[in-house]
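A short write-up of the structure that comes next.
The values are calculated or read from the model by the stated rules, or taken from the named source; none is laboratory data. Since we're looking at a predicted model, the values are computed, not measured. All Cβ positions, glycine included, derive from the backbone under ideal geometry; neighbour counts span all protein chains shown.
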């Protein structure tokens, strides 16, 4: 992603929309180059507030810390989880800025009295969710009484059926929660494998940064700042968004 941003800055466009996953330290010097070259910047999906404070730009996406906490609190209420219940939280632990929402989620569960185990994600799982099977299966063998599994991305949440098959669990025997909506996640809701997800509305994260850059360039508008991750989809309301998720808008 940083290589792509570097190439984009060299190309000297009017504006660049950049996801904040690489973190503040990695993005900062290139944001400086873009600023000095007169290139407007927008950020999406993961915020970089220090970069924006120094070199400007807006943000479209979830506010990660409260998003994670809200998901944890909602899961406890919705699923009837009790103190002493066990949960696993998969996340890119140890990567600066990459596990903010999952860390907040884990903390919310711990504050509700759950016993939380943290497991690292697996490189490449976003494009090949099956890569997580071995890690998840091994984790479950260590903690077979786990009631809740939390995933860091929509790609692997949508593969919940595969993971449950691997550990020999029927739909609903273990609760699966996470982030995003997608055709695979809607299918997992329909089959009973997924119970809750934080809807980040990624279509807005892709569309609105471009709109904001255009408005800034043409009309001089200030960059947009918009929270897109404050809603939830669960087994009671998923049908309301199913059509648009399948079409790629949710």
Of all residues in the stretch 196-208 being in contact with a helix residue (DSSP H, G or I) (Cβ under 9 Å, 6 or more places away or on another chain) and at pLDDT 95 or above, which is surrounded by the fewest Cβ atoms within 10 Å (Cβ to Cβ)?
-> 196
If we keep just the residues of the stretch 112-132 that are at pLDDT 95 or above and touching a helix residue (DSSP H, G or I) at 6+ places or on another chain (Cβ under 8 Å), which is surrounded by the fewest Cβ atoms within 10 Å (Cβ to Cβ)?
-> 117
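Identify the residue in the stretch 78-108 that is assigned to a helix (DSSP H, G or I) and more than 15 Å from the chain's Cα centre (by Cα) and, among all such residues, is nearest to residue 120 (Cα to Cα).
Taking the stretch 78-108 and keeping what is assigned to a helix (DSSP H, G or I), we get 78-79, 100-108.
Among the residues that remain, those that are also more than 15 Å from the chain's Cα centre (by Cα) are: 78-79, 107-108.
Numbers: 78: 26, 79: 24, 107: 16, 108: 19 Å.
So, considering only residues that are assigned to a helix (DSSP H, G or I) and more than 15 Å from the chain's Cα centre (by Cα), the one nearest to residue 120 (Cα to Cα) is 107.
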Criterion: without any contact (Cβ under 8 Å) to a residue 12 or more places away in the chain and in the same structural domain as residue 68 (by TED's automatic domain parsing) - qualifying residue of 136, 131 | 131
Selection over the stretch 152-195 where residues are surrounded by fewer than 24 Cβ atoms within 10 Å (Cβ to Cβ), touching a strand residue (DSSP E or B) at 6+ places or on another chain (Cβ under 8 Å) and assigned to a strand (DSSP E or B) yields a count of 2
Any idea which of (1) closer than 30 Å to residue 214 by Cβ; (2) within 15 Å of the chain's Cα centre (by Cα); (3) assigned to a helix (DSSP H, G or I) is the one residue 8 doesn't satisfy?
-> (2)
